[in-house]
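Below: one structure, written as structure tokens.
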Amino acid sequence: MSAKASEERTADVMTPEPPVRKRTSGFVRFWRNYGLAVLFIIAMLVIWELWIRIFDVPKYLLASPSGIWNSLQKDWSRYLEPNLWPTLGEILIGFGISVVAGVGLAIVLHLFAPLRRAVYPILIGSQTIPIVVLAPVLVILLGYGLLPKVAIVALICFFPIVVNGLDGLRLVDDDFIAMMRTLDATRWSIFRKVEFPGALPSIFSGMRIAATFAAIGAIFGEWSGSSEGLGYLIQASTPNLQTARIFAAILLLTLIAMALFGLVSLLERIFCPWVSRGGVL
């Protein structure tokens, strides 16, 4: 055996093997990321329940967690479920419209700089108008049906999507664009292969923000004029002091917003696998 072969064999023996990474289960990852949040929520619910029972707080002033759970079971078929679906439809349709319109406008403003300089200040100024003031006007113009509620949801979700999308398109690394130009790439090729994929994380960030606003827009629309929906149910239950039913409706709205947020986060993981979010959904 030659000296060179002996040295190579010795080096192979002394080179440590890379450690094998063990894949953790889904439950372990969930608990590692959200365990403290779950424990905090449980602690708050226990304190809330004990506070109601120890100080004998009247039910019409503040419902206990157990009272809210009982209301979910008792009022589900008669009050909560029939009003859940109209609100859910308003949120999903309005959010979908805002995504299409927001991403589309961000692309147009990015590709046409003069139009961006003309429209962007108007877009910013439009956000100074409170949606609470605008909601009754839309109900008067569009009637008391589904359309004004969808319009309000779309308007309240539209701004974060278009602003985050436009910022993401403008902040793409110039080196990638320069490299594409050296390869004689067209403007459309640069946008399709570099700018739009690079802006996707920002677009999804705007969509996550909008997902938390969608339920608020639906409630504003229903409060302005409606005969169905969770917002209408909350408004109708207030004079009757049905506090547990009001909290149950609020809980359903929270779950809808969280589910929509989670859906957007799931789509981001599918379409942007290179983005690492750590413990964020």
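Per Stokes-Einstein, at 4 °C and 1.567 mPa s, what whole-number D in µm² s⁻¹ belongs to the chain, with the Kirkwood radius over Cα pairs as the hydrodynamic radius? Please report the intermediate quantities before stating the final value.
Values: Rh = 22.8 Å.
The estimated diffusion coefficient comes to 57 µm²/s.
Helix 113-126 sits at what angle to the longest principal axis of the chain, using alpha carbons and giving 0 to 90 degrees rounded to 10?
30 degrees
Please list, by residue number, every one of the chymotrypsin sites (Phe, Trp or Tyr not before Pro) in segment 176-281 that is coil in DSSP and has at most 12 other beta-carbon atoms within 10 Å. Let's see the in-between values first.
Working: sites: 176, 188, 191, 204, 213, 220, 223, 232, 247, 261, 271, 274; in loops: 274.
Sparse-neighbourhood loop chymotrypsin sites (Phe, Trp or Tyr not before Pro): 274.
For the residue pair residue 183 and residue 56, what label-to-label distance in nm results when each label sits 7 Å from Cα along the Cα-to-beta-carbon direction?
The modelled label-to-label distance comes out at 7.7 nm.
What whole number of Å gives the distance from the Cα centroid of segment 66-116 to the Cα centroid of segment 202-281?
7 Å
Over segment 166-281, with a single point scatterer placed on each C-alpha, what log10 of the ratio I(q)/I(0) does the Debye formula yield at q = 0.15 1/Å?
With no solvent term, the Cα-only Debye profile gives -0.77.
Quick one: ranking 243, 212 by accessible area, 1.4 Å probe, largest first, what do you get? If you can, show how the numbers build up before the last one.
Details: 243 15, 212 60 Å².
Sorted descending by solvent-accessible area, the residues read 212, 243.
What's the carbon and sulfur percent of segment 61-271's accessible surface, probe 1.4 angstrom, rounded to a whole number? Mind dumping the intermediate values first?
Details: 7560 of 10750 Å².
Result for segment 61-271: 70 percent of the exposed heavy-atom area is carbon or sulfur.
So what's the back-of-envelope 222 nm ellipticity for the chain, counting only DSSP H runs of four-plus at -39500 (n - 2.57) apiece and dividing by all residues, rounded to 500? Don't skip to the answer; put the middle values down first.
Numbers: 12 runs with 212 residues, N = 281.
Calculated mean residue ellipticity at 222 nm is -25500 deg cm²/dmol.
Between residue 40 and residue 137, what length in nm is gained on full extension when 0.36 nm per residue of separation is reduced by their alpha carbon distance? List each step's numbers first, then the result.
Details: separation 97, 0.36 × 97 = 34.92 nm, distance 4.14 nm.
So the chain would gain 30.8 nm between residue 40 and residue 137.
Relative to the longest principal Cα axis of the chain, at what angle does helix 81-111 sit, 0 to 90 degrees, rounded to 10?
In the chain, helix 81-111 runs at an angle near 40 degrees to the longest axis.
In degrees, nearest 10, range 0 to 90: what is the angle between the Cα axis of helix 146-170 and the longest Cα principal axis of the chain?
Its long axis makes an angle of about 20 degrees.
For the chain, with every protein chain kept in place, what is the accessible area per residue (1.4 Å probe, Å²)? If you can, show how the numbers build up before the last one.
Working: 17500 Å² over 281 residues.
Per-residue value: 62 Å².
The values are calculated or read from the model by the stated rules, or taken from the named source; none is laboratory data. This structure is a prediction, so every number in the text was calculated from the model and none was measured. Ideal geometry is used to build each Cβ from the backbone, glycine not excepted, and the neighbour counts take in all protein chains shown. We work out accessible area using only protein heavy atoms, side chains counted, and drop any ligands, DNA or RNA first. Shrake-Rupley method; radii C 1.70, N 1.55, O 1.52, S 1.80 Å.
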